[in-house]
Amino acid sequence: MCKVAFIDYDPMVLRMAAFMMKKSGNQAITASSGDGGIIMIKNERPQIVFIDAEMPVKSGLETLESIRNDAEISSLPVCIMTGTITDELRKKAESFGVVGLIEKPIQASQVLLIINRVTGKG
């Protein structure tokens, strides 16, 4: 079992992610904001984090930058979720060393592929 963090302001996405993880034998932990997500990550220690790129207050890339600048959690694998993958978003995300960039609505097969690749199970 893998502990997987999802940070997204949309409660429906978080419910869907939790359902996907439960069905696949993994554990989902969720947060609805970037700052809340960082606190959750530090407390819960997930093996991978999925962050929505477009969140109010603190965007997914700003949240990712905060993660990369925090020595305690900087090496955590992060995947960005977005409604539209643009070249600009791809370049910024890759500059922060993301393990994936997936389009929303998220699909269980995409999420599990990234989890398995990161955890060495796929």
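The values are calculated or read from the model by the stated rules, or taken from the named source; none is laboratory data. Treat the numbers as computed from the prediction; the structure is a model and nothing was measured. Here the Cβ positions follow ideal geometry from the backbone for every residue, glycine too, while neighbour counts run over all protein chains shown.
Report whether or not residue 99 is modelled with pLDDT of 95 or more and either under 21 Å from residue 15 (Cα atoms) or acidic (Asp, Glu) (or both).
no
Given the criteria crowded, with 20+ Cβ neighbours inside 10 Å and at pLDDT 95 or above, does residue 53 qualify?
So residue 53 passes the test.
Taking residue 39, is it of a type in the set (A, V, I, L, M), surrounded by fewer than 20 Cβ atoms within 10 Å (Cβ to Cβ) and closer than 16 Å to residue 59 by Cα?
It is true that residue 39 is of a type in the set (A, V, I, L, M), surrounded by fewer than 20 Cβ atoms within 10 Å (Cβ to Cβ) and closer than 16 Å to residue 59 by Cα.
Inspect the stretch 87-106 for any residue being closer than 15 Å to residue 38 by Cα, in contact (Cβ under 8 Å) with a residue 40 or more places away in the chain and among the aliphatic types (A, V, I, L, M) and give the result as yes or no.
no
So residue 73 passes all but one of these: (1) of a type outside the set (Asp, Glu); (2) under 22 Å from residue 116 (Cα atoms); (3) loosely packed, with under 13 Cβ neighbours inside 10 Å. Which condition number does it fail?
(3)
Listed residues 67, 48, 106, 80; which is over 10 Å from the mean Cα position of the chain (by Cα) and within 18 Å of residue 28 (Cα to Cα)?
106
Please indicate, with yes or no, whether at least one residue in the stretch 94-103 is touching a Pro at 6+ places or on another chain (Cβ under 7 Å), surrounded by 14 or more Cβ atoms within 10 Å (Cβ to Cβ) and under 15 Å from residue 47 (Cβ atoms).
Yes, some residue in the stretch 94-103 is touching a Pro at 6+ places or on another chain (Cβ under 7 Å), surrounded by 14 or more Cβ atoms within 10 Å (Cβ to Cβ) and under 15 Å from residue 47 (Cβ atoms).
Mind checking which pairs have a first residue in the stretch 1-27 that is surrounded by fewer than 18 Cβ atoms within 10 Å (Cβ to Cβ) and a second that is in a helix (DSSP H, G or I) and modelled with pLDDT under 95, Cβ under 8 Å, 6 or more apart or different chains?
Within 8 Å, no pair qualifies.
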